[in-house]
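Here is the structure we will look at, set down as C-alpha cells.
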Amino acid sequence: MSAARVLEKLIRCRVNSRMTALWQVTQVRELCSVSSAQEVTIRYSRGLPHVTVPLPSRNERCQFTLRPVTHNVGNFLEMLKQEDRGIDRAAILNMEGVRIAASCSIETLMDDEFWLHLNDRQYHVKPPKREKITSEELTRLGDVQALVAQLYEALNVGEHQIRKERELNSKLEELQQKLGPLEVKKNELDLKASRKTNYLTWFGLGLMSMQFGILARLTWWEYSWDIMEPVTYFVTYGTAMAAYAYFVLTKQEYILPDVKDRQHLITMYKAAKKAGLDLNAYNDTKRQIAEIEHDLRRLRDPLYMHLPAPPPKSGNYSATEIATSKKILKEALERASGINQSTASKISNLLENTGNPFRSKK
C-alpha cells in the first residue's frame, strides 16, 4: 500500500470521527432543549414568582405571574385551565404524594418542592430558595417605617391642616351667606310666634279668672255652696280629663312650659309655611354650620396639631383688689398669735414681691 492511500484513509477516519462528534453534540443539545421545554421553571421578579408551564394542548410554554399573599393554589389551577381549555385535570401534590388544598397560599406553596399534574403529565417543580426576613430585620423595618411616617407628617401635615382649614372656612362662609336671609325671616317669624303665644297664655289666664268669678258669683250670690259643690267637682274632673286628652293626642305630659313651647313651634311653622320659608332647609344649614365649627375646633386643637397645651389662664385682678388683699393679709399676720416679728416680716416681704396675690375673702 502506497503512502498516499494510507494518508487518504487517515483523513477519512478523522472526518468521520469529527462528523460523529458533531452529530452527538447536536443530539445532546436537542435533548437538553426538549427536556428544558418539558420542565416547569420558577423565577422571582420584583418579589413576585413567575411560573413558566408547558401547556399540554398547544405544546408551548406559558408564563404566569402569581401574587404570594392574595393568590392561592386554586387561583393558579384556574389560570392554567383558562389558558388551556384542554386541561381536564389539574392538581398539585407534595413530595409525599399528598394533594395540596386549593386554599393553600402561593407563599406557602413556594417553600417546598412539589409535583404539578396536568392531565396525564407530571412535572417536578423546584422553587428557588428565598431569603427570609428575620425578626431583627422586621424590627428595623418597622423603625424605618415609623421614621418615614414622622417625616411625612412633619413635612405634609401642616400644609394639609392649612388647606383643610381654608376649605372649611370657605364652606362656612358660603353657609353663613346662605343662612343670612333665612335668619332674618326666621327671627321675624319667631318674634310673631312669641307674641301670639304670649297672647294665648294671657287669654288662658283670663278664661280661668272668668271661670273663678262665675263660680264665686254662683256660690255666694245666686246659689249656695251645697248646690255649687257638685258643679265644682265636675269642673275639676273635666279639667283633669282635658289634661289626659292632651297627653293622648300629643304623647306629652301636660306641663305648662312644654305646652307653651309646643304652641310656639306650631305657630311658627304655620307662619313660615305662609311666608314661604323652608324651616327644614334652615335647620339643615344650621346643622352643617355646627359640624364645620366643630371640625375647625378639632383642627385647631393643640393635641391634634402636636403642640403643647396652652397654660391655664390666671385670674386678672385690679390694683384695688391687690392692695386690699395685701392689706388684709398684713393685718391678719399682725393679729395672729404665735408668730414672731421676723417670721411676720418674711411673710410680708413675700407678699410684697409675689405677682399673683390671693383674692380677698370676706
Please go through the range 125-139 and pick out each residue that is open to solvent by 100 Å² or more (accessible area, probe 1.4 Å) and modelled with pLDDT under 75. Glu131, Lys132, Ile133, Glu136
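Kindly provide the set of residues from the range 235-276 that are among the polar types (S, T, N, Q) and either open to solvent by 60 Å² or more (accessible area, probe 1.4 Å) or in contact (Cβ under 8 Å) with a residue 40 or more places away in the chain (or both), ordered by number.
Residues of the range 235-276 among the polar types (S, T, N, Q): 236, 239, 250, 252, 263, 267.
Listed by number, the residues that qualify are Thr236, Thr239, Gln252, Gln263, Thr267.
Looking only at residues that are of a type in the set (S, T, N, Q) and modelled with pLDDT under 75 in the range 140-184, which one is least open to solvent (accessible area, probe 1.4 Å)? Step through it out loud before you land on a result.
Quick first cut of the range 140-184, residues of a type in the set (S, T, N, Q) only: 145, 150, 156, 161, 169-170, 176-177.
Those still in the list that are modelled with pLDDT under 75 too: 150, 156, 161.
On the way: Gln150: 117, Asn156: 53, Gln161: 19 Å².
Filtering the range 140-184 for residues that are of a type in the set (S, T, N, Q) and modelled with pLDDT under 75, the one least open to solvent (accessible area, probe 1.4 Å) comes out as Gln161.
Just a yes or no: is a residue in the range 278-288 open to solvent by 100 Å² or more (accessible area, probe 1.4 Å), basic (Lys, Arg) and either under 39 Å from the mean Cα position of the chain (by Cα) or modelled with pLDDT under 85 (or both)? Spell out the reasoning first.
If we filter the range 278-288 for residues that are open to solvent by 100 Å² or more (accessible area, probe 1.4 Å), which is where we start, we get 280, 287.
From what's left, basic (Lys, Arg): 287.
Next, only the ones that are either under 39 Å from the mean Cα position of the chain (by Cα) or modelled with pLDDT under 85 (or both) stay: 287.
Yes, the range 278-288 contains at least one residue that is open to solvent by 100 Å² or more (accessible area, probe 1.4 Å), basic (Lys, Arg) and either under 39 Å from the mean Cα position of the chain (by Cα) or modelled with pLDDT under 85 (or both).
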I'd like to check something: does the range 93-106 contain any residue that is modelled with pLDDT of 85 or more and among the basic types (Lys, Arg)? yes
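In the set Arg61, Arg43, which member is in a strand (DSSP E or B), more than 19 Å from Lys129 (Cα to Cα) and modelled with pLDDT of 85 or more? I'd like the intermediate steps shown before the answer.
Numbers: Arg43 fails: more than 19 Å from Lys129 (Cα to Cα).
On inspection, the qualifying residue turns out to be Arg61.
Of all residues being buried (at least 19 other Cβ atoms within 10 Å of the Cβ) and closer than 20 Å to Glu60 by Cβ in the range 109-124, which is modelled with the highest pLDDT? Just the residue, please. Step through it out loud before you land on a result.
As a first pass, look at the range 109-124 and keep what is buried (at least 19 other Cβ atoms within 10 Å of the Cβ): 109-110, 114, 116, 118.
In the following step, the residues that additionally are closer than 20 Å to Glu60 by Cβ were identified as 116, 118.
Working: Leu116: 89, Leu118: 86.
Going through the qualifying residues, I end up with Leu116.
Go through the range 67-106 residue by residue and tally those that are hydroxyl-bearing (Ser, Thr, Tyr) and open to solvent by 60 Å² or more (accessible area, probe 1.4 Å).
Here is the first cut: in the range 67-106, the ones hydroxyl-bearing (Ser, Thr, Tyr) are 70, 103, 105.
Still in the running and open to solvent by 60 Å² or more (accessible area, probe 1.4 Å): 70, 103.
Adding up the residues that qualify gives 2.
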Scanning the range 216-231 for residues that are surrounded by 11 or more Cβ atoms within 10 Å (Cβ to Cβ) and in contact with a helix residue (DSSP H, G or I) (Cβ under 6 Å, 6 or more places away or on another chain) gives Leu218, Thr219, Met228
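The values are calculated or read from the model by the stated rules, or taken from the named source; none is laboratory data. None of the values given here were measured: they were computed from a predicted structure. FYI the Cβ positions are ideal-geometry reconstructions off the backbone, even for glycines, and counts take in every protein chain you see. The area values use the complete protein model at the heavy-atom level, side chains included, leaving out ligands, DNA and RNA. Shrake-Rupley method; radii C 1.70, N 1.55, O 1.52, S 1.80 Å.
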